[in-house]
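A.B. asks: Here it is, the structure, as structure tokens.
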Amino acid sequence: MKLKFITLLLAIGLVAQAQNIQVKSQYELPINSTKTAFYPVLSEDGTMLLYSTEGYNGLYLYDFETKEEKNISSVQNSGYDPVFSNDNSKVFFRNTSYERGRRFDALESYDLRTGRQARMIKPQRNLRTARSYHNGAIVQANNRLYKTTFGRTKAAIPVYVSSENLKIYVYSNGKRTELKPIEGENINYIWASLSPDNSKILFTAVGKGTFVCDLKGKVIAKLGYLNAPVWYNDEMVVGMQDKDDGHVITSSSVILISLDGKVKKQISSDEHIAMYPSASSKAGKILYNTMDGKLVVSELTIN
Amino acid sequence: MKKILLPILLLVFSLNLIAQDLSGVRIYINPGHGGYDANDRNVVIPPFKSGDPNGFWESSSNLHKGLYLKEMLDSHGASTAISRVTNTTEDDLPLSQIVRSGNEFNADLLLSIHSNAGGLANHILMLYAGRDLNDTKIYPTQPSPEVERKSRAISEVIAKNLYMNKLTPWAHPYTLRGDKTAASQWFGWPNGYGVLRGVTVPTVLSEGSMHDYIPETYRLMNMDYKYLEAWNFFKSIADYFKSETIPHGIIAGSVRDKFIENPAPYKKISNSHDLFKPINGATVKLIEKDLTYTTDTLNNGIYVFKNLEPGEYTLEVSAKGYHSRTFKMTVEANTISYDDTRINLIRNTPPEVVEYSPHALTSDTVMLASSTIKFKFNWDVDAESAKQAFSISPAVEGKFEFKESNFVMEFIPNEPLDISTVYTVVLDKTLKHFDGLSMEEDFTFQFKTTDRNRLRLLASYPLDNETNVDYKKPTFTFVFDKELMTAELIDGVQVYDMDGNMLKKNRRSLLHNKVPAPMGSTSFMLGEDLVPGKQYYVSIAKGIKDIDGVFLTDTLLFSFTASDERITDKTVVETYETSDKLSYDEAQSVNVTKASVTRSSAKKLFGSYSNNLKYTFSSSEGGSVVYKIVDSVFEATNDSTVGLHIYGDMSGNEMYLLFESETDTKEVLLDSIHYGGWKFAEADLSVLLPKTTYRLTGYKLVQRSAPLSESGSIFIDNLLLYGEPITSVISHKLEDVTIYPNPAKDIIRVSKGPHQIVEEMQLYALNGKLIRSSEYDYLLVDDIPVGTYLLKIRFNEGVYSTPVIVRH
């Protein structure tokens, strides 16, 4: 597959003060199955990529080793926050339907080896973002925490973070706790996610900025204006700094930023309106989609 | 931080829990904008100054509606989230956060609340995530078909309910647009609105009304008016999610004067209640509920009674200086009952004339013959009785206009009054006002008209049917018999092509009243070149006034054809690049005060210079000025033709070529200089004696009786000598065509050459719309509105176009 190198020169100058971070290469990933691609989700090891359309309609897989694309599902909202299973053998995604105008979401699974699809959770109101667990997933919906696996398991239930009615809840050791990390009334939280080591929560307080707190809600890092943030590793996150004029997005850059504030590096090319990044520190990759639906891969070296 | 309205809203709804079942329905509310900043919309209305947070801000208005809606939904079991509850810059959220919030909330509907800017085009615009129904274009990014379908369905329900609002006049019905299609067509955005991109939930952006339509701006300052919009959102959501109907109803109205117009200078939608004066501080009592509502001080007259059980109610409206009014209204469940509540001023004295014009001090005082006759009264008068009470002698036909809410009556004669005539005007005492009282006695006055009653055009360039208007940014000049008021001239004089497209004027070239007093003039250069061979016309609008207020009584139209006046394929015998080729010959001139020849680079057609011939005669007639050629080597015979490029001065004076042979002298007419631009003029020399060689010895300008003949300044360039005259071989195929009458009242006819056959006549409005066509050589216009039109006639040998005026 011919990879389009956008610029290697970008590496020049992208040297952090505390750590030496270089964009080794940056290229557009040629996508043939769909004309445009959005919302990339990298597997933890960075060997596979999930993506969707802008309306989250359909879910597609790109395998970096075979360079093959696969349509996993075409159902509605299947591209919204899909997750890989712990062993990268399955993908869990949602399937939206409506009844009397009310929205219901089922959780589906797709076996990447056999291509078999299975319904993990029947349509529910308020299905939250799932987390991989054993060979299945845990997910909050309809005021309860669902555990769904293939076969029984006694595996311990990991910490689970959920955004419920735009508030942050932590499920840990059988307890459900609401976090209020930011002082003030009527604060909404979005993009909450657990760090790879399960010790920290990354979130955006709407209108306030993006932060990291511990599992008790104590803020340990203020990252400023950073949208759609995701973890790069336990110490760094990637997000987008998008600007709009109230009608349309006018610019956006993808930024890598460390919790201690010593690293703040633009990863995206200035030629792009770069949005919705995903990252794999194991593979040293950051992906983002451009405003017009191109997927751009940045390969990093961090010393 | 701005005040939070929730405490107020809680009070409104705390006692109003009803059986409405919206349990579990999830609505994410996004009151658009935020922060009283540059990304907000501040419409400045008195008494608020620009930037005053207490004035109208879209962010504030959207927030109030959003908070009301949230409270209504919460009170009826729905699950809601709202993107902001205050109004700070921090609340002006990034689009990506709004979209994500709606998605993460798992909303059944994301409603983004806005109002729009569009002034008099006050209407509802619903933008839903997706495409127009008939748009089959595939956009780079699209919502899922299900989200698109549901977004469209909800937007239609909301639009229908909002459109039921009768407190605002709608300029036209609501509009539903898919944001992808609309943004692409309106702004060229490839992917729609940011708040509708990437949504996983049905999403609607509501532009509820035009916040810069000033009467609406004032309404949007009223909390209860915003409550009504929120209630309509609430009802729409209840409708869409098929909940039970709302068991209560609402009474809403606006109190306005029955007759008196709203005197505020802002524009109002025609034929709407907004034209009438809103009553501030009016008291509206709902008798059965013992409730009283006092209208606010912000010029909207709005009153609202909420949460009423179905049934009949009595309302009593009163305001200082007005007759009280009591009326019944019926309240239905799930409905807002609207009333356009008009009250009538107490008029307790008889009507009388407080001002009038023309106000002659004595019957000998002369007044303009173009006057309108105007009365101002102490009360607003009944129009029909005022018309019946009016008479003028000698009789004059005209029309009445009532202004300032019938406090002013004008009689506008159809034609200017006769000159030097004494008129007697009477308003007899039958004239009455709206409370029925009549004048106590007749009102009579007289005036005498001047000896001039209309503005007259004395000279123009181009003249009608001028065929030699040089195409290169020509300058047009129009001279009238009186110095002009300049205010209306910029728009009042325009040049069009025959498709009705207005040509740009070079605004810096505008010159007014540059002719000797008492005459007046206007001239301008076009800002663009014309196309040689193409037909155009100039329109001078009826109503242009002179400094006395005397006006042009009819629109004047001059059609002309552009041409390239530069003749380059003939022998040039003099270029006039120097100033030593001609000199003023005082001895041969008559009645000349002064004259000169100079070289000029300001106006030239070839090379770097032309020669400028200036002259001033000492009287209005009988003058002639001679410019002799120095060392003439120019020789011609009677089979020669002489051509000269002349930039005319519109004087109407005639230019002659002076020839001498050894035995003879001749003066040959070259041209009558009526024009004000470059023209190529040529003279056939057949009047010279045969077989005789002549020398051109000079030019002679002979004064003719014309308004601008006393002084002038012409330019000449490239003098040519050749054989066959050029103009004799130019063919004007349709030169025999004339249209009559023009202006036309009932019918337009065509006069044409014997071999010309009319295939079709088409009458177009100036916007290009075809009004009427005919296959005959006439076209009926008796039922066509008065105005200026373009007539195109297709003949067997070509197309003829001309502007025509319809006047009944």
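A.B. asks: Of all residues in segment B:418-436, how many are in contact with a Ser or Thr (Cβ under 7 Å, 6 or more places away or on another chain) and more than 24 Å from B:A369 (Cα to Cα)?
C.D. replies: 4
A.B. asks: Where in segment B:580-691 are there strands (runs of 3 or more DSSP E), lying wholly inside it, with at least 2 residues that are closer than 30 Å to B:P532 by Cβ?
C.D. replies: Where strands (runs of 3 or more DSSP E) fall fully within segment B:580-691 and carry at least 2 residues being closer than 30 Å to B:P532 by Cβ, they are B:592-600, B:610-617, B:641-647, B:654-660, B:665-672, B:678-684.
A.B. asks: Based on what the data block shows, is B:I214 in contact (Cβ under 8 Å) with a residue 24 or more places away in the chain, closer than 30 Å to B:G311 by Cβ and under 37 Å from the mean Cα position of the chain (by Cα)?
C.D. replies: no
A.B. asks: Check whether at least one residue in segment B:215-222 is farther than 30 Å from B:G55 by Cβ, buried (at least 18 other Cβ atoms within 10 Å of the Cβ), at pLDDT 95 or above and among the aliphatic types (A, V, I, L, M), and report yes or no.
C.D. replies: There is no residue in segment B:215-222 that is farther than 30 Å from B:G55 by Cβ, buried (at least 18 other Cβ atoms within 10 Å of the Cβ), at pLDDT 95 or above and among the aliphatic types (A, V, I, L, M).
A.B. asks: Hey, among B:V147, B:V201, which residue is within 9 Å of another protein chain (Cβ to nearest Cβ), part of a loop (DSSP other than H, G, I, E, B), closer than 27 Å to A:M275 by Cα and β-branched (V, I, T)?
C.D. replies: Checking each option against the conditions leaves just B:V201.
A.B. asks: On the given criteria, is B:I490 free of Cβ contacts under 8 Å to residues at least 24 places away in the same chain and outside any loop (DSSP other than H, G, I, E, B)?
C.D. replies: Against the criterion (free of Cβ contacts under 8 Å to residues at least 24 places away in the same chain and outside any loop (DSSP other than H, G, I, E, B)), B:I490 qualifies.
A.B. asks: Name the residue that is farthest from B:F445 (Cα to Cα), counting only residues in segment B:334-357 that are outside any strand (DSSP E or B) and touching a strand residue (DSSP E or B) at 6+ places or on another chain (Cβ under 6 Å).
C.D. replies: So the residue we want is B:T335.
A.B. asks: Please determine, by comparing only the residues of segment B:169-180 that are more than 20 Å from B:L111 (Cβ to Cβ) and buried (at least 18 other Cβ atoms within 10 Å of the Cβ), which one is nearest to the other protein chains (Cβ to nearest Cβ).
C.D. replies: Result: B:W170.
A.B. asks: Here's a follow-up. Could you look through segment B:416-469, keep only residues that are basic (K, R) and assigned to a strand (DSSP E or B), and pick out the one that is nearest to B:D548 (Cα to Cα)?
C.D. replies: Step by step, filter segment B:416-469, then rank; the result is B:K448.
A.B. asks: Identify all residues within segment B:575-607 that are surrounded by 15 or more Cβ atoms within 10 Å (Cβ to Cβ), among the basic types (K, R) and under 49 Å from the mean Cα position of the chain (by Cα); write none if there are none.
C.D. replies: Answer for segment B:575-607, where residues must be surrounded by 15 or more Cβ atoms within 10 Å (Cβ to Cβ), among the basic types (K, R) and under 49 Å from the mean Cα position of the chain (by Cα): B:R599, B:K603, B:K604.
A.B. asks: Could you please give the count of residues in segment A:230-273 that are farther than 21 Å from B:W189 by Cβ and either away from chain B (no Cβ under 14 Å) or aliphatic (A, V, I, L, M) (or both)?
C.D. replies: Result for segment A:230-273: 26.
A.B. asks: Okay, moving on. Against the definition (surrounded by fewer than 21 Cβ atoms within 10 Å (Cβ to Cβ) and closer than 24 Å to A:S43 by Cβ), how does A:D234 come out, yes or no?
C.D. replies: yes
A.B. asks: Would you tally the residues in segment B:435-454 being modelled with pLDDT under 90 and among the hydrophobic types (A, V, I, L, M, F, W, C)?
C.D. replies: Going through segment B:435-454 one residue at a time, the tally reaches 1.
A.B. asks: Across segment A:65-90, what is the number of residues that are more than 20 Å from B:A107 (Cβ to Cβ), among the aliphatic types (A, V, I, L, M) and in a loop (DSSP other than H, G, I, E, B)?
C.D. replies: Count: 0.
A.B. asks: Taking only segment A:96-106 into account, find how many residues are crowded, with 21+ Cβ neighbours inside 10 Å and either polar (S, T, N, Q) or over 28 Å from B:D21 (Cβ atoms) (or both).
C.D. replies: 1
A.B. asks: Six or more apart or on different chains, Cβ under 6 Å: which pairs go from a residue in segment B:559-582 that's free of Cβ contacts under 8 Å to residues at least 60 places away in the same chain to one that's surrounded by 19 or more Cβ atoms within 10 Å (Cβ to Cβ)? Could you list them?
C.D. replies: Close Cβ pairs (under 6 Å, with a partner that is surrounded by 19 or more Cβ atoms within 10 Å (Cβ to Cβ)) amount to B:E577/B:Y609.
Rundown of residues vs (1) within 16 Å of B:I279 (Cα to Cα); (2) not assigned by TED's automatic domain parsing to the domain that holds B:T297, yes/no style:
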{"residue": "B:P215", "(1), (2)": "yes, yes"}
{"residue": "B:N222", "(1), (2)": "yes, yes"}
{"residue": "B:K226", "(1), (2)": "no, yes"}
{"residue": "B:E229", "(1), (2)": "no, yes"}
{"residue": "B:K258", "(1), (2)": "yes, no"}
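A.B. asks: If you don't mind, there's one more thing I want to ask. Filter segment B:61-111 down to residues that are part of a helix (DSSP H, G or I), within 12 Å of chain A (Cβ to nearest Cβ) and among the hydrophobic types (A, V, I, L, M, F, W, C), then give me how many there are.
C.D. replies: 4
A.B. asks: Moving to a separate point now. Could you please find all residues in segment A:209-229 being surrounded by fewer than 18 Cβ atoms within 10 Å (Cβ to Cβ) and within 14 Å of chain B (Cβ to nearest Cβ)?
C.D. replies: Scanning segment A:209-229 gives A:G209, A:G224, A:Y225.
A.B. asks: Still on this structure, I have one more. If A:L59 satisfies every condition in (1) under 23 Å from A:Y169 (Cα atoms); (2) within 14 Å of chain B (Cβ to nearest Cβ) but one, which is the exception?
C.D. replies: Every condition holds for A:L59 apart from (1).
A.B. asks: Let me ask something additional. Can you tell me which condition B:K268 does not meet? The list is (1) touching a Ser or Thr at 6+ places or on another chain (Cβ under 9 Å); (2) in a loop (DSSP other than H, G, I, E, B); (3) not β-branched (V, I, T), and all the others hold.
C.D. replies: (1)
A.B. asks: Could we say that B:Y163 is buried (at least 24 other Cβ atoms within 10 Å of the Cβ), of a type in the set (F, W, Y) and more than 9 Å from chain A (Cβ to nearest Cβ) here?
C.D. replies: It is false that B:Y163 is buried (at least 24 other Cβ atoms within 10 Å of the Cβ), of a type in the set (F, W, Y) and more than 9 Å from chain A (Cβ to nearest Cβ).
A.B. asks: Give the residue that is surrounded by the fewest Cβ atoms within 10 Å (Cβ to Cβ), with candidates limited to residues of segment A:140-193 that are among the hydroxyl-bearing types (S, T, Y) and within 11 Å of chain B (Cβ to nearest Cβ).
C.D. replies: Looking at the filtered set, the residue picked out is A:S162.
A.B. asks: Filter segment B:121-144 down to residues that are surrounded by 17 or more Cβ atoms within 10 Å (Cβ to Cβ) and among the hydrophobic types (A, V, I, L, M, F, W, C) and give me whichever is nearest to the other protein chains (Cβ to nearest Cβ).
C.D. replies: If we take residues in segment B:121-144 being surrounded by 17 or more Cβ atoms within 10 Å (Cβ to Cβ) and among the hydrophobic types (A, V, I, L, M, F, W, C), then B:A129 is nearest to the other protein chains (Cβ to nearest Cβ).
A.B. asks: Filter segment B:318-339 for residues that are among the aromatic types (F, W, Y) and crowded, with 17+ Cβ neighbours inside 10 Å and give the result.
C.D. replies: B:Y322, B:Y338
The values are calculated or read from the model by the stated rules, or taken from the named source; none is laboratory data. Values in this document were obtained by computation on a predicted structure and should not be read as measured data. Note that each Cβ is placed from the backbone with ideal geometry, even for glycine, and that neighbours are counted across all protein chains shown.
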